[in-house]
Amino acid sequence: MDSTRTERAKSQRAMHWVVVAFGIAAAVLIVVATRMAWGEIPRTADGKPDLSGYYDTATITPLERRGDDEFLTEERAEFNANRAAQGLAEGSADQDPNREAPPVGGDGSRGAAGNVGGYDSFWVDPGEKNFQIDGKYRTSIVIDPPNGRRPPITDEARQRMANMYRGMRRQNDGTAWWLENDGPGPYDGPEIRPLPDRCLLGFGSTAGPPMLPTLYNNHKRIVQTPDHIMILTEMVHDARIVRMNSEHAPDDVRRWLGDSIGWWEGDTLVVDTIHFNDTPSMRQASRNLHVVERFTRIDENSLLYNFTVEDPSTWEAPWTGEYVWPQTDEAVYEYACHEGNYSMGNILRGARRLERDAMAAQAETSGDE
Amino acid sequence: MHRIIIVLLAAALASCEVRVGTGAESDGAYVAPRGPGGVNPDLNGVWQALNEANYDLERHMARPSMSLRDGPYGPLPDLATVRLGAVASVPPSLGVVEGGTIPYTPEALAIRDENRKHWIERDPEIKCFLPGIPRATYMPQPFRILQGDKEIEIVYQWAGAVRNIYSEDPGPAPVDSWMGQSVASWEDDTLVLTVTGLIEQTWLDRAGNHHSNQMTVVERYTPTGPNHLRYEATIEDPETFTRPWKISMPLYRRMEPNAMILDFKCVAFVEELMYGQWRRNPLPRWPETDE
């Protein structure tokens, strides 16, 4: 570029900045004015509630109510928080590096395969608090039905679950017990393992929708543009891109997290999701799942996440839940699951080994006779 | 109050009009429309590279296959790719490396050549591993740039890859990762992403080009027209290269009115490759050759 053109480009840029600066000043005034008008929540330059940021969605409040009370007392919530913190601290304590190996088959306590040793608290992050809405602690995320529990599942869903899990549900006891059953066993191949084992989705409907709190990696990131809003779930680096004021893609384009479109209703972002594939993240749900989510900034530091789940193939009625997403200073990190998935190969090879052992034992027994 | 808002809105809109006019008048120095927040150019959209960089960054002639073996009169496709015929061949390219070749140290060049020989066992793309930076940019699938008022994120269709892009430098990455840690800044109308904390297990293409975990990639995204970005990546890695080097290429906006990022969770597609031999009832593993 010759010097005249460089100069011209520079002066154009200078003019451009003057104009942009004016635009920004106007926008700032608008933001200030609208904040005064609509309450103290952060807003984007175009005046919409600003949902962008990082959130830690962990909570110890369960999806479904366990007792009869709708709310926890202040004392109970405090007790729960202390107990959770204490449990995590105890579980994170240093262990004696010279301790004995657990007995073969485990010590029989809770945990995988009789607790032969797996995650301690260092590896989990289930939260330490019950969430609070309007100063009250709910006993469940589910708010409708009013009993805080999901409606009963349909006969169709019961049948579907029974078929899916037939002959699958039994603790690993170190034997190839499935050889005694007809039909497929639980370790026959990768496809028969749950989606989290395969690194296809996180567990506990963490990416949803509906996006639910789970044992660890509850961090989310939202990046908001006028036309698209991205909701990134840390586990397993699953980004939903919500198309604003758009129409759903054709229904033969099925998605792991469904097809999401959104719009603003006042200061609430509404996201409508359909067109899931056969195995949505939400346990028991079918490809007919329909989720409507509502994101509302309730203050400077948190979102209220409300969702309604409808799937006539699974539940007898729609159900609704909500919980709070507090903003966090912590980031979302890469959850590279598949890249380090040694488990899948080990699970399958282990099962083949047990089968070989069982066959060999059988051959020996019949040889003795 | 509402009247004030309306007046201010009108003022803001008027300023937009003038600004767009300024952009249209430019003579070569393209000035892109401003994005959300009104300060930086708008990079929002679905973009894709349209070149042969993922086959081989360097200048190269067409090759019979991505995986070759010696034949009686020169290289031929190896057994794993021969049945794909022309589909597995490598298209030619003048290359995207400035200066033509990658300045490897002699040791690193030997590794590259070995990698190329063992492409089918070693290329992480084959196993659907996260592609890393810069390779994610020129994988043959689209990506979406999401640019809010302050935040930037890029979502890639390939393997559903995403990155950690910070607006403020959080300090050194706590751990190496496949997509690295990126810090965003703007130099005039160029988005600069400085990427560190990259794990050494990603490759740069299907031709065995590689790097160490000491690599820093500085990416530059500059709008050159309403539907084009110039992409440059400067790669510095003293363990692998004798000097910093640069790739550059245009990126193209996907013009379909309904362009969007779809699902490409290839993890499910490589289970047979990676775990098939451990099925209870394994399927035939490799295509039987005739005779």
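The values are calculated or read from the model by the stated rules, or taken from the named source; none is laboratory data. From a predicted model like this one, the values you see are computed outputs, not experimental measurements. Don't worry about glycine lacking a Cβ; one is built from the backbone with ideal geometry, like all the others, and counts go over all protein chains shown.
Taking the stated definitions as given, is B:Ser248 modelled with pLDDT of 95 or more and under 16 Å from B:Leu191 (Cβ atoms)? Let's see the steps before the verdict.
Details: modelled with pLDDT of 95 or more: yes; under 16 Å from B:Leu191 (Cβ atoms): yes.
Answer is yes for this residue.
Which of the residues belonging to the range B:137-151 are under 14 Å from B:Met179 (Cβ atoms) and surrounded by 22 or more Cβ atoms within 10 Å (Cβ to Cβ)?
Looking only at the range B:137-151, we keep the residues that are under 14 Å from B:Met179 (Cβ atoms), and these are B:137, B:139, B:143.
B:Thr137, B:Phe143, listed by residue number.
So the check is Cβ under 7 Å with 6+ separation or different chains; which pairs have a first residue in the range B:263-279 that's closer than 16 Å to B:Gln141 by Cβ and more than 7 Å from chain A (Cβ to nearest Cβ) and a second one that's buried (at least 19 other Cβ atoms within 10 Å of the Cβ) and basic (Lys, Arg)?
none
Could you list, in sequence order, the residues of the range A:326-356 that are over 25 Å from A:Asp50 (Cβ atoms) and more than 8 Å from every other protein chain (Cβ to nearest Cβ)?
Hits for the range A:326-356 are A:Tyr335, A:Cys337, A:Gly340, A:Asn341, A:Tyr342, A:Ser343, A:Asn346, A:Ile347, A:Gly350, A:Arg353, A:Leu354, A:Arg356.
Since A:Tyr323 meets every condition but one in (1) touching a Phe, Trp or Tyr at 6+ places or on another chain (Cβ under 7 Å); (2) at pLDDT 95 or above; (3) under 30 Å from A:Glu293 (Cα atoms); (4) facing another protein chain (nearest Cβ under 8 Å), which condition does it not meet?
Here A:Tyr323 clears every test but (4).
If the requirement is being of a type outside the set (Gly, Ala, Ser) and touching a residue at least 60 places away in the same chain (Cβ under 8 Å), which of these qualifies: B:Met215, B:Met255, B:Met260?
Working: B:Met215 fails: touching a residue at least 60 places away in the same chain (Cβ under 8 Å); B:Met255 fails: touching a residue at least 60 places away in the same chain (Cβ under 8 Å).
None of the other options fit; the residue is B:Met260.
Residues A:Glu90, A:Glu78, A:Glu64: which one is part of a helix (DSSP H, G or I) and at pLDDT 90 or above?
On the way: A:Glu90 fails: at pLDDT 90 or above; A:Glu64 fails: part of a helix (DSSP H, G or I).
Only one candidate qualifies: A:Glu78.
Of the conditions (1) under 19 Å from the mean Cα position of the chain (by Cα); (2) away from chain A (no Cβ under 14 Å), B:Asn44 satisfies every one except a single condition; which number is it?
The one condition B:Asn44 does not meet is (2).
Give the residues of the range B:98-145 that are of a type in the set (Phe, Trp, Tyr) and in contact with a Cys (Cβ under 9 Å, 6 or more places away or on another chain), sorted by residue number. If you could, list the steps in order and put the result at the bottom.
Going through the range B:98-145, the residues of a type in the set (Phe, Trp, Tyr) turn out to be B:104, B:119, B:129, B:138, B:143.
Scanning the range B:98-145 gives no hits.
On the basis of being under 17 Å from the mean Cα position of the chain (by Cα) and either within 14 Å of chain B (Cβ to nearest Cβ) or assigned to a loop (DSSP other than H, G, I, E, B) (or both), does A:Pro280 make the cut?
Values: under 17 Å from the mean Cα position of the chain (by Cα): yes; either within 14 Å of chain B (Cβ to nearest Cβ) or assigned to a loop (DSSP other than H, G, I, E, B) (or both): yes.
Here the answer is yes, as A:Pro280 does meet what is asked.
Residue-by-condition table, conditions (1) at pLDDT 95 or above; (2) of a type outside the set (Ser, Thr, Tyr); (3) touching a Ser or Thr at 6+ places or on another chain (Cβ under 9 Å):
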| position | (1), (2), (3) |
| --- | --- |
| A:Asp144 | yes, yes, yes |
| A:Arg149 | yes, yes, yes |
| A:Pro152 | yes, yes, no |
| A:Arg160 | no, yes, yes |
| A:Asn163 | no, yes, no |
| A:Gln171 | no, yes, no |
| A:Trp178 | no, yes, no |
| A:Gly183 | no, yes, no |
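Report whether or not B:Glu288 is in a loop (DSSP other than H, G, I, E, B), modelled with pLDDT under 95 and out of contact with any Cys (no Cβ under 6 Å at 6 or more places or on another chain). Break it down into steps so the answer makes sense when it comes.
Numbers: in a loop (DSSP other than H, G, I, E, B): yes; modelled with pLDDT under 95: yes; out of contact with any Cys (no Cβ under 6 Å at 6 or more places or on another chain): yes.
Taking the combined requirement at face value, the residue satisfies it.
If I ask for residues that are within 26 Å of A:Trp319 (Cα to Cα), surrounded by 13 or more Cβ atoms within 10 Å (Cβ to Cβ) and polar (S, T, N, Q), which ones from the range A:59-97 would you list?
Listed by number, the residues that qualify are A:Thr59, A:Thr61.
Tell me, please, whether a residue that is in contact (Cβ under 8 Å) with a residue 60 or more places away in the chain, more than 26 Å from A:Gly340 (Cα to Cα) and of a type in the set (Ser, Thr, Tyr) can be found in the range A:155-178.
Within the range A:155-178 (the criterion being in contact (Cβ under 8 Å) with a residue 60 or more places away in the chain, more than 26 Å from A:Gly340 (Cα to Cα) and of a type in the set (Ser, Thr, Tyr)), the answer is yes, since at least one residue qualifies.
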